[in-house]
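One structure below.
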Amino acid sequence: MKRIFLILLSNIICSSVSAQPAASVFANEDVTVTPLSAGRWVLETADMTTMYLLEGEREALLIDTGTETKALDSIVRLITAKPLRVVATHWHPDHVGGAEFFPEMWMHPADTVLLHRKPYDGRLRYLHDGEAIDLGGVRLHVSLMPGHTPGSVVFSDYESGDCYTGDAFGSGQVWLQCEPVSPIETYVESYRRMLRLMEELGIERLYCGHYPYVKRPYDRNYVVAMLRLAEAVISGTAETVPFAHPTYVAPPETRMAIDSVNHVMIVFTPVGS
């Protein structure tokens, strides 16, 4: 099974890599910082997690803090000197591992059930569905998208058409077996809501939580493919195999649904397990 997982992951990577990326503006053994566009950077860590840094006219926003990047606060200050807000797409250790470098973090309150996974001594503040973060000329809208975690949120810039999604919709593969497990129907509703945002408000690009695997944003076709696969899991028509991972030990009943045509996968716990 380990070999199957690696082959499938390789297929995702090969099918997703696009044009040559821009030159990095900072790199060390922990992280590489690369511009995405004016005032926007992607921070890719050595263990394949991702942070995004956005700068407006007044403030800057750091989305997630990776797993373990030494002196993360100092690295961010090499890029921007503007007042900084730090937000979490969800409270998993590979996305808030660097929270300790910042005196204040923002998260959705539904993910406080996960604080035991990564304790934090700073000031916690809460994000709410429908609110907006105004950086000055850049406005990010917060949308709750539960499934991967109860408090997974995405940050959408309606003006640019960009959305920063963490693990809410995966990076070619989404994990729905993580405790506390949400019904897969919850995940389907989040995908339908994301499609509405894309169709009604002009969101075109989804920047995922493990960008090093794909090296590009996802589009509507990806969202539709994942939604169809999730619906097939519910109906019992999805192709599934036992799940195995090189480093993560999952419960034995965990399955992986595969759409080999669109190169997407869903890891889930069967109903009744």
For segment 170-192, give me each residue that is open to solvent by less than 20 Å² (accessible area, probe 1.4 Å) and closer than 10 Å to Gly147 by Cα. Val174, Leu176, Gln177, Cys178, Tyr187, Val188, Ser190, Tyr191
Looking at segment 11-43, which of its residues are open to solvent by less than 50 Å² (accessible area, probe 1.4 Å) and either at pLDDT below 95 or polar (S, T, N, Q) (or both)? Ile12, Ser16, Thr32, Thr34
Hey, any hits in segment 61-83 for a residue that's touching a residue at least 60 places away in the same chain (Cβ under 8 Å), open to solvent by less than 40 Å² (accessible area, probe 1.4 Å) and more than 14 Å from Val153 (Cα to Cα)? yes
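If you check Met145, Met107, which single one turns out to be modelled with pLDDT of 95 or more, open to solvent by less than 10 Å² (accessible area, probe 1.4 Å), touching a strand residue (DSSP E or B) at 6+ places or on another chain (Cβ under 9 Å) and within 20 Å of Leu201 (Cβ to Cβ)?
None of the others qualify; the one that does is Met145.
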Only one of Ala257, Ala244, Ala250, Ala225 is among the small types (Gly, Ala, Ser) and assigned to a strand (DSSP E or B). Can you tell me which? Ala257
Can you find a residue in segment 233-252 that is open to solvent by less than 10 Å² (accessible area, probe 1.4 Å), without any contact (Cβ under 8 Å) to a residue 60 or more places away in the chain and of a type in the set (Gly, Ala, Ser)? no
All-but-one check, Val261 against (1) among the aliphatic types (A, V, I, L, M); (2) open to solvent by 70 Å² or more (accessible area, probe 1.4 Å); (3) under 16 Å from Glu179 (Cβ atoms), failing number (3)
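The values are calculated or read from the model by the stated rules, or taken from the named source; none is laboratory data. Quantities reported herein were computed from a predicted structural model and do not represent experimental measurements. Backbone-built Cβ (ideal geometry, glycine too); neighbour counts: all protein chains shown. Accessible surface areas use protein heavy atoms only, side chains included; no ligands, DNA or RNA. Shrake-Rupley method; radii C 1.70, N 1.55, O 1.52, S 1.80 Å.
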